[in-house]
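The values are calculated or read from the model by the stated rules, or taken from the named source; none is laboratory data. Source: prediction; values computed, not measured. Cβ placement follows ideal geometry from the backbone for every residue including glycine, while neighbour counts extend to all protein chains displayed. What goes into the accessible areas is simple: the full protein's heavy atoms, side chains included, and nothing from ligands, DNA or RNA. Shrake-Rupley method; radii C 1.70, N 1.55, O 1.52, S 1.80 Å.
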Amino acid sequence: QVQLVESGGGLVQAGGSLRLTCAASGRTFSNYGMGWFRQAPGKEREFVAAINWTGGRTFYADSVKGRFTISRDNAKNTVWLQMNSLTPEDTAVYYCAATRVFVTGAFDDYHSWGQGTQVTVSS
């Protein structure tokens, strides 16, 4: 298993940017695909972005494609989510998660989750 801790959330105005960081513990971080999900109040957790273990393959939800970028550095045991052109609809708690599947947006494929970081976008 891998332990995950997210940071970087906060309050930002519409049109602004944030970069979320997910720090992983464990020497096997490079064995896992990683993903970002989000959950808004009263809504189900939804997929945002995923990246395979090398960083060479990424996958995005249509709602964030072209605005968000997922990346990772295995030497630093870290994955990031760069979020640009934020809108109030992006307001949610953002979670990072680890998977043994190559790259996936399916919630059930992820086995380890962080505690989440709040992102609030004001209009």
Could you do me a favour and compute the accessible area per residue for the chain, 1.4 Å probe, result in Å²?
-> 50
For the stretch 105-119, Karplus-derived ³J(HN,Hα) couplings (6.51, -1.76, 1.60; θ = phi - 60°; whole Hz; x for glycine and proline) come out as x, 7, 3, 6, 7, 9, 10, 10, 10, x, 8, x, 9, 7, 10
Net charge near Ser7 (other residues with Cβ under 14 Å of its Cβ; Lys, Arg +1; Asp, Glu -1) is +1
Percent relative contact order of the chain, based on C-alpha pairs within less than 8 angstrom and at least six residues apart?
-> 36
Could you tell me what percent of the accessible area of the stretch 1-114 is made up of carbon and sulfur, with a 1.4 Å probe and every protein chain present?
-> 49
Whole-Hz ³J(HN,Hα) from phi, Karplus 6.51 cos²θ - 1.76 cosθ + 1.60, for the stretch 53-65, glycine and proline x = 5, 8, x, x, 9, 10, 8, 10, 5, 4, 5, 10, 4
